[in-house]
Amino acid sequence: TAYPDFTFVMVDATDGVSLETGLTVSCTVSKDGGVLAACTNAPSEVGSGLYKVTLAAADLNADEVWVRLTATGARRIEFKIRTQK
């Protein structure tokens, strides 16, 4: 099942606090410990450092999924999703 509009905040890589705007954010997933691969959908900016991405069903087709969100000048975000596929 897809996870529509997963929302996250991107902060400055140096101070870890300042909200970053205008970023091109990359989204990758690792399914069940596999190699990181690009997400089906690209993240987009909502505003004021807030971004969103729709994680497609294909991105989440595993028991355990690691999601990594990166952008130049911002701190990397990683999180784990345990599914009930």
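The values are calculated or read from the model by the stated rules, or taken from the named source; none is laboratory data. Everything numeric here is computed off the predicted structure, so don't read it as measured data. Ideal geometry is used to build each Cβ from the backbone, glycine not excepted, and the neighbour counts take in all protein chains shown. Each accessible area value is taken on the protein alone, full model and side chains, heavy atoms only, with ligands, DNA and RNA left out. Shrake-Rupley method; radii C 1.70, N 1.55, O 1.52, S 1.80 Å.
Side notes on the structure shown:
Every residue, every condition in (1) within 10 Å of the chain's Cα centre (by Cα); (2) of a type in the set (A, V, I, L, M), yes or no:
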site	(1), (2)
Leu23	no, yes
Ala42	yes, yes
Asp59	no, no
Thr70	yes, no
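- Filtered residue count, segment 1-11, keeping only those that are open to solvent by 40 Å² or more (accessible area, probe 1.4 Å), touching a strand residue (DSSP E or B) at 6+ places or on another chain (Cβ under 9 Å) and not in a strand (DSSP E or B): 1
Residue-by-condition table, conditions (1) under 18 Å from Ala2 (Cβ atoms); (2) assigned to a loop (DSSP other than H, G, I, E, B):
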site	(1), (2)
Gly22	no, yes
Thr28	yes, no
Val35	no, yes
Ala42	yes, yes
Tyr51	yes, no
Ala62	yes, yes
Leu69	yes, no
Phe79	yes, no
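- Residue check, Leu55 touching an Asp or Glu at 6+ places or on another chain (Cβ under 8 Å) and open to solvent by less than 40 Å² (accessible area, probe 1.4 Å): no
Matching residues to (1) within 26 Å of Thr83 (Cα to Cα); (2) modelled with pLDDT of 95 or more; (3) open to solvent by 70 Å² or more (accessible area, probe 1.4 Å):
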| site | (1), (2), (3) |
| --- | --- |
| Ala13 | no, yes, no |
| Gly16 | no, yes, no |
| Leu19 | no, yes, yes |
| Cys27 | yes, yes, no |
| Ser30 | yes, yes, no |
| Ala42 | yes, yes, yes |
| Tyr51 | yes, yes, no |
| Trp66 | yes, yes, yes |
| Thr72 | no, yes, yes |
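- Residues of segment 32-71 that are in contact (Cβ under 8 Å) with a residue 40 or more places away in the chain and among the aliphatic types (A, V, I, L, M): Leu50, Val53, Leu55, Ala56, Ala57, Leu60, Val67, Leu69, Ala71.
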